[in-house]
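Worksheet: the structure to be examined is printed underneath.
The values are calculated or read from the model by the stated rules, or taken from the named source; none is laboratory data. Because the structure is a prediction, the values reported are computed rather than measured. Note that we place each Cβ from the backbone using ideal geometry, even for glycine, and neighbour counts take in every protein chain shown. Just the protein is used for accessible areas: all its heavy atoms, side chains included, with ligands, DNA and RNA removed. Shrake-Rupley method; radii C 1.70, N 1.55, O 1.52, S 1.80 Å.
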Amino acid sequence: MNISKTRRGRAAAAVSLTAALALTATACGEDGTSSGNEGSGKGEITFWDNNGGPRTAVWTEIIKDFEKQNPEIKVKYVPIPIADVQSKYDTAIAGGGLPDVGGVGTAYLSNIVSQEALEPVTDRIKDSSLNGKLVKAMVDSVKDAGGRGEDLYTVPTSANNGALWYRTDLFKAANLDAPTTWAKFYEAADKLTDAKNNEFGYTIRGGARSIAPAIDAAYGQSGITEFWDGDRTTLNDPRNVAALEKYVGLYKKATPGADVNNDFTKMVAQWDTGTIGMLSHNLGSYQDHLKALGQEKFAGIPNPIGDSGTRVQVSNPVDGLGLFRSGKNKAAAWKFIEFAASHASNSKWNESAGALPANTEAAKDPWIAESEPTALGAKALTDGSTKIVQLPYYLPDWNNISKADNEPEFQKLLLGKISAKTFLDKIADELNAAQKEWKERNNG
C-alpha cells in the first residue's frame, strides 16, 4: 500500500496529539489549553523571542524601555533559536511551560491555534491604542493564517517583502530601463546574457525553498489575485501555467546552470560577486548587496507590474506577538504586547531587523525612506497599489506541500523532465485535498 507523505505526516500528527493529550491530562491545568487568568497586571511575565540571538539586542532594549515605563512589571526574556521555535511551542503545549507572550510567525500560527494554545486578541486590539494603526495587508495575512475567520491570534509586528534586485550599472551600460514591468524584466534577462563570458540576465532559485518565488512569479504575471476559487486552488489555472512556463524557460538560457541546486545563500553570493543582472529575493539581503556592490551599483523594487497594470504578489510570512491562553497574568502580558507593537518600539525593532513595520505610524518613519528598496516595499504594502494573494498557511500540510515534498519536482521542471502543467497540477491536487480535509475537520 502506497501512503503519501502528507498522509503519513497527518498520521504522525495524530500520534503526537494522542501523546500530547496523555501528557496534558497530568499537567495539572498548566498545558497550552488551560484558560489562565487576567491577573493583577503586575509582577513577572515570560516572553519567548522566536528569533533569539539575532534579535536579542533590540528586544533587550525594548524590554528595558517597557520596564522603565511599567516598573510594576518585570519581563523574563527567553531567546529561542528560529529553527527550534515551532518544536519548543509544541513541546510546551503538550507538557506545560508556555510563556505569557511569544513571537509567532504566520508560517506556523495555525498549528498553535489548532491546539487552542493562543488567546484571540481581536477585541483587545479594538480597545487599545493599536486600533486602526496596524497595516491592513499584515492584519489580513494573520487572520487568514489563523484559519478562524475574523479572529486575530497574534498582533502583527513585521513582515518582509519580495524584491527584484537589479544591477543599475549593468542596466545603464546596456541602455535598459529598470525592470518595473514583466515585459522589461524579460527584455533585460535576454539582453544582459552572454553565457560565453559568464554573464547572465537573471539567477533563478532551484534549491531549497524554491517553490514560493516560482509561485510568486506565476501570480505576478497572470494577475490572478485569489488563491482559491471556491474549494479549488487557482494555482494551476492556465494563466499561471503559461506564466510559470515562461519563467522557468529562463533557466540555462538567461541563468547559470548551477541555479538548479542553489538555495538563497548561494544565489545571493553568486549575484553579489558576479555579473548577473537580476535576482529575486526579499529585503533581508539588502545589507549583503550593499557590502558587496556599494549603493551605486544596484537597486531593488517590488514585483514587476503585470499586463493588467497591477502589481500582484503572494503573501510573505508575517511575524507577530501571541498572548498564550494559559498565562496567569494576561493583563500584564497584554501591556507588553501593546507596548512592543506601538509606534516607537515597532519602529526600533524593524529598523534593527531591516523589516517592514506593522504599525502604520512606524511605517512612515524617516529610516524607511533612507533605503529606497525598503521604502518601496513599505509603500507596496500600505498604499493599496499591490494585490496580495494570501497563501494558505493555515493548512497543516502547507509547509510539506510547498517545500520539501515538491522541491525535487521543481528541479525536474527546470531540467525539462516534466511540464509546468504537470508540476502545478500535482501541487494543486494536494492542496485541494488538504483544503477539503481542513474544512471537514473544522466544520465537523
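Listing for the model above:
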{"quantity": "Near pairs, Cβ below 8 angstrom, 6+ apart or cross-chain, from segment 93-114 (at negative phi and basic (Lys, Arg)) to any residue that is crowded, with 20+ Cβ neighbours inside 10 Å and part of a loop (DSSP other than H, G, I, E, B)", "calculated": "none"}
{"quantity": "Qualifying positions in segment 345-355 - assigned to a helix (DSSP H, G or I) and open to solvent by less than 20 Å² (accessible area, probe 1.4 Å)", "calculated": "345, 346, 347, 350"}
{"quantity": "Any hit, segment 415-431, residues being touching a Gly at 6+ places or on another chain (Cβ under 8 Å) and either closer than 22 Å to residue 210 by Cα or surrounded by fewer than 21 Cβ atoms within 10 Å (Cβ to Cβ) (or both)", "calculated": "no"}
{"quantity": "Residues that are charged (D, E, K, R), under 18 Å from residue 419 (Cα atoms) and not in a helix (DSSP H, G or I), drawn from segment 235-280", "calculated": "237, 252, 253"}
{"quantity": "Those residues of segment 94-146 which are of a type outside the set (A, V, I, L, M, F, W, C), buried (at least 18 other Cβ atoms within 10 Å of the Cβ), out of contact with any strand residue (DSSP E or B) (no Cβ under 7 Å at 6 or more places or on another chain) and within 19 Å of residue 389 (Cα to Cα), in sequence order", "calculated": "108, 110, 143, 144, 146"}
{"quantity": "Failed criterion for residue 236 (all others in (1) exposed (fewer than 15 other Cβ atoms within 10 Å of the Cβ); (2) touching a Lys or Arg at 6+ places or on another chain (Cβ under 9 Å); (3) of a type outside the set (A, V, I, L, M) hold)", "calculated": "(1)"}
{"quantity": "Conditions (1) under 21 Å from the mean Cα position of the chain (by Cα); (2) surrounded by 16 or more Cβ atoms within 10 Å (Cβ to Cβ): number failed by residue 404", "calculated": "(2)"}
{"quantity": "Given (1) closer than 21 Å to residue 426 by Cα; (2) open to solvent by 50 Å² or more (accessible area, probe 1.4 Å); (3) not in a loop (DSSP other than H, G, I, E, B), number of the condition residue 196 does not satisfy", "calculated": "(1)"}
{"quantity": "Sole residue being hydrophobic (A, V, I, L, M, F, W, C) and either at pLDDT below 95 or open to solvent by less than 40 Å² (accessible area, probe 1.4 Å) (or both), chosen from 292, 254", "calculated": "254"}
{"quantity": "Test: residue in segment 327-344 that is without any contact (Cβ under 8 Å) to a residue 60 or more places away in the chain, open to solvent by less than 20 Å² (accessible area, probe 1.4 Å) and in contact with a strand residue (DSSP E or B) (Cβ under 7 Å, 6 or more places away or on another chain)", "calculated": "no"}
{"quantity": "Residue match in segment 214-230 (condition: open to solvent by 30 Å² or more (accessible area, probe 1.4 Å), over 24 Å from residue 385 (Cβ atoms), in contact (Cβ under 8 Å) with a residue 24 or more places away in the chain and of a type in the set (Asp, Glu))", "calculated": "no"}
{"quantity": "Residue check for residue 288: under 23 Å from the mean Cα position of the chain (by Cα) and part of a strand (DSSP E or B)", "calculated": "no"}
{"quantity": "Close pairs from segment 390-409: first within 21 Å of residue 90 (Cα to Cα) and part of a loop (DSSP other than H, G, I, E, B), partner modelled with pLDDT under 95 and open to solvent by 40 Å² or more (accessible area, probe 1.4 Å), Cβ under 6 Å, at least 6 apart", "calculated": "395/438"}
{"quantity": "Residues within segment 257-277 that are without any contact (Cβ under 8 Å) to a residue 60 or more places away in the chain, of a type outside the set (Asp, Glu) and open to solvent by less than 30 Å² (accessible area, probe 1.4 Å), tallied", "calculated": "2"}
{"quantity": "Failed criterion for residue 316 (all others in (1) at pLDDT 95 or above; (2) outside any helix (DSSP H, G or I) hold)", "calculated": "(1)"}
{"quantity": "First in segment 241-256 and under 16 Å from residue 306 (Cα atoms), second anywhere and surrounded by fewer than 21 Cβ atoms within 10 Å (Cβ to Cβ) and at pLDDT 95 or above, Cβ under 7 Å, 6 or more apart", "calculated": "241/421"}
{"quantity": "Pair list, Cβ under 7 Å, 6 or more apart: segment 417-431 residue under 12 Å from residue 232 (Cβ atoms), other residue open to solvent by 70 Å² or more (accessible area, probe 1.4 Å) and of a type in the set (Val, Ile, Thr)", "calculated": "none"}
